[in-house]
Structure formats: structure tokens, C-alpha cells
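A short reminder: the numbers here are calculations on the coordinates, not readings from a lab. Model, not experiment: these values are computed from the prediction. All Cβ positions, even for glycine, are placed from backbone atoms using ideal geometry, and neighbour counts span all protein chains on display.
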Amino acid sequence: MNDKYDVVVAGAGCAGTVFSTRLAARGFRVLLIERKREEELGPDSLDLVDSEAFEFSGVGLPMPPEACSQIRRMEVVSPDAATRFNLDRFPYRVVDRRLLARRLMEGALEAGVEVKTQCIVGGAEIDNGFVVSVQTDRGNFPCRLAVGASGLERVICRDIPGGMGIPRRLRNSDYISIYRETRDIIPGALENGMEPGLFKYYIGRYGGYSWVYPDEDGTVDIGTGVQDIPGAPDPREIVLGYIRSNPSVGEKVLHRAGGRMPTRRPLNTMVTSGFIVIGDAACQSTPFISRGVGGAMEGAYLAADAAAFALEAGDVSIRGLWSYNYEYIRERGAHMAALDCLRIFLQNIPEKEFSWSMAKGLIGKQEISSALMGRFEMPTAQSRMKSIIKGLRSVPMTVRFENALKQTQKVLELYCQYPREYDPPEYDEWARKADYLFEDVERI
């Protein structure tokens, strides 16, 4: 296998296929490697994908049956279920992930991407500080640029020396464990309290969240995500516990999915010489609510533009690929880092205090909306003063929340100052400040 590809992409998820399609459409020779069979791509489940991501990445909005239904209303519920409020805006679409994966793969093949399925990536070959080849169980594939899009597995990342900047492993606390089922609804249940099109989002439970979404087609999607830390409950038991206690939910399981997802801030750098990382492998899902498809498509779009420019210029060094880091942080990553501050703070609040804070308006509609919409907005001075007055009965909690908001603002400001070009001393200083800020966040 002496033929050298322009790009070899490890992973045919949403990020990998969007990236591959854009590069192949520009005339580059692209190899897309996937360990699954083509018909197994995409989980057999429904998912929420932000509408803006389809438009941003040029993928095109999903149509039925890929777009399954329309959420009519979203209700956020406190851990004790005593406080509820409706969101004014909920820009997500319910999408069949397997049909979306099929559409993206068809687009990649039409663009000229070469695809090898049932091929297992084992690592990368490094030469003089550059990734120069992707190693698999079916041989090595030399390339000018390698792309890590293998999601949670992060196979190429794990093979890169630590000195190349991209972390080889993430902490367990950077992940959330998720389980979901779609089942039929017992006839008559829709007349007994289940409102079709109402997405109920239970926030702050078990350091994470749960949801219930009855659809007009007579099915209900039930799921939960819990922080992946010692002593955390099994998300499957939470879902099954709800099903056992709710006679409206039927016995037939239509879809089932689960696993772990990274929910932390973006990596300090997503590039090194000869290598780019995208999607979940680059921690591009929305913190706290673990919605990864939209971030993966947006990240892949930006990475493809930077990769094309670097390949055309003949410079796939860190410096040549750096514009991907800068553009992603500017477009999306700064807000993801700010929201990660809120995630860390909210996940460390006991459920009783979380419920009290929502009841008193200390944690209000704006903060929860920011976490769900993926854009952090600092509360106005007037709204913060109202929250402080309401929270005077619990001064320690009020102080902690105020400190968390201040730290979140500092993080947003720092990420908006991300280095435009790769200058090692400037970048090292920025990364040091970012790491210190998040150490402080975890102590609040």
C-alpha cells in the first residue's frame, strides 16, 4: 500500500463523514476508515440536533422520515419536580440517527470519498514530529494529514506522544453516562396526562439530567445522563425505574441506546503536526446536556476549511492547521467553555439545594436556557440583584453561585482571546491561564 492519500479519516460518524465530503469535493483524495459495517453506522435511536448546525455545516435540514417529529413545547423540571418553567425557544429537531448517518455516507460516496468499512484503526506512525500514516488491521495508509474522528475511543489520540499537545486520555469526570429507550405508549395514555410533543427535561438529577418525550406517533422516548464518577447510579436502572412506575409506557422496546460521552470544555488545541481531531474525540458536544451531533458537524466544517488551506499551501504543521483552533473557539468553543463552568458548578450542587435554588429563582430560566441552547449569556445586573435578594436565606449558596457566574465570565473572556496564530510562548501562557481558571471552578 504505497499510494499516499491526502487525508485519512478514522471514524465515519457525523464528524468524519462531513469532513471527508468537504475535502473530497475540493479534489483531495480522501480515505474514510470505519470499523463497523456500512449498514450499522449511526445508533439505532432518535436524537436532538440543533437546527443551526445543519445550516452552518451545509448538510441540509433533515426531512421525514429522517426528521421524526416536531417538539411543540419544552418544560424544565427541578429535581424535586416542584418548580417548572417553559422555554421560549427550543431550536432542536428530533432526528433518526441511523437515517442521518446513511444520508451523510451517501453524500461522502457521491463526493468521491474512498471508504473502508470493517477496518480497525490501531494507531498512527510518527516521523520527525508529524503523523504520516494511519495503522490498521488491514495495513498502513500513508497520508499527508490524519484525522481523528473515532469518538469516545480516540484511537489515534491515544497513540500520539504527550509532547504533541493533544491529550491522550480524558478524566472520568469529563464524561457522562447515558441510557435511553423508545417504547410504545399504552392506548389511552395520551388522554391521561401524556402530552404529545411536550419534551420534559428533568435537570439536576443524579448530577445530570433525565427526559421524557411522548410523540404523536404513539411512542415515548425516555432517557437519562449521569456524571461518570464513583458511586453514580446506573442510568439503565433510572430509566427502567421510571418505566416500571409509569403504567402508560408499554413493554415493546423500539429503540435502545447508551454509552459514555465527553461533556467537558474544548481541548486547548485540536491540531498537531499532520493531525486534526474532530467531533466527540475533540470534546465538541454541548456541556451538561451531551448533545454531540450539532457540534460535530460544525467542528468538521471548520476543520475541513482549515485542512484544505493547509494542504493547498503544503504546510500541515501545527502552524499551518492552527486556523481550525481559532475559528472553532471563536464560533463555538468559547461558549462551550463558559457553559462547562456552569456544568461543573451545577453537577456539584446537592439535589435539595438545586431544587431550592430553582424555586427561589437563584438558578433561573436564563441560566438553564443558556445550558440547553449552547450560548452563555451573563445575567443582567438587575436580574442578579433579584436573585441575590431571593437567596439571602441561604447566603453560602448565593455566594457560591455569584462566584460561579464571575468565573464563567472570566472563562468566556479568556477564550475570546484565544491566539489567532500559533506562537508557542503566547499559546503556552494562554493554556496555563485556562487550566488555572478551571482548577478554580472546581473549587467553588
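Each distinct pair of alpha carbons in the chain adds a 1/r term; the inverse of their mean, the Kirkwood radius, is 22.6 Å.
Taking the stretch 109-128 and a reference point 7 angstrom along Cα→Cβ of Asp137, the backbone N atoms nearer than 17 Å belong to 116-124. The label-point distance for Arg420 and Arg102, in a model that sets each label 7 Å from Cα toward Cβ, rounds to 4.7 nm. Largest GNM mean-square fluctuation among Leu99, Leu240, Leu405, using the chain with Cα springs under 10 Å: Leu240. Charges were assigned to the Cβ only: +1 to each Lys and Arg, -1 to each Asp and Glu. The resulting dipole of the stretch 173-262 about its Cα centre is roughly 280 debye. The residue list Pro43, Met63, Ile33 was ranked by how far each Cα lies along the charge dipole of the stretch 20-66 toward its positive end, using unit charges on Cβ atoms, and Ile33 comes out on top.
Computed from the C-beta positions of Asp127 and Arg26 and an R0 of 35 Å, the FRET efficiency is 0.85 to the nearest 0.05. The residue list Ala24, Phe438, Leu321 was ranked by how far each Cα lies along the charge dipole of the chain toward its positive end, using unit charges on Cβ atoms, and Phe438 comes out on top.
Once both labels are positioned 7 Å from their Cα atoms along Cα-to-Cβ, the gap between Arg171 and Asp305 label points is 3.3 nm.
Only the Cβ atoms of Lys and Arg (+1) and of Asp and Glu (-1) were treated as charged; on that basis the dipole of the chain about its Cα centre amounts to roughly 1080 debye.
Of the three principal axes defined by the Cα atoms of the stretch 173-262, the extents in descending order read 42, 22, 21 Å. Would you please state which residues of the stretch 145-171 a label at Glu312 would reach in this model, taking the label point 7 Å out along Cα→Cβ and a backbone N cut-off of under 18 Å? From the stretch 145-171, the list is 145. Here the chain carries DSSP beta bridges of which approximately 75% are antiparallel, counting only pairs with both residues inside.
Using the charge dipole of the chain (Lys, Arg: +1 at Cβ; Asp, Glu: -1 at Cβ; taken about the Cα centre), state which of Leu254, Ala359, Ala281 has its Cα farthest towards the positive end. Comparing the listed Cα positions along the dipole, Ala359 ranks first. Roughly what % of Cα-Cα distances in the stretch 126-280 sit above 28 Å, to the whole percent? Counting every Cα pair in the stretch 126-280, those more than 28 Å apart make up 42 percent.
With 23 Å as the limit, the listed pairs Lys200/Lys252; Lys360/Lys406; Lys352/Lys410; Lys200/Lys365; Lys200/Lys360; Lys360/Lys433 have Lys352/Lys410; Lys360/Lys433 beyond it between alpha carbons.
Mean separation of Cα pairs under 8 Å and 6 or more residues apart, divided by the residue count, gives the chain a relative contact order of 17 percent. A simple spin-label model places pseudo-atoms 7 Å from Cα toward Cβ; at Lys4 and Arg330 they are separated by 3.1 nm. Under the combined filter of DSSP loop state and at most 11 neighbouring Cβ atoms within 10 Å, the stretch 245-345 retains none of its trypsin sites (Lys or Arg not before Pro).
Using only side-chain charges placed at the Cβ, +1 for Lys and Arg and -1 for Asp and Glu, the dipole size of the stretch 1-96 relative to its Cα centre rounds to 240 debye.
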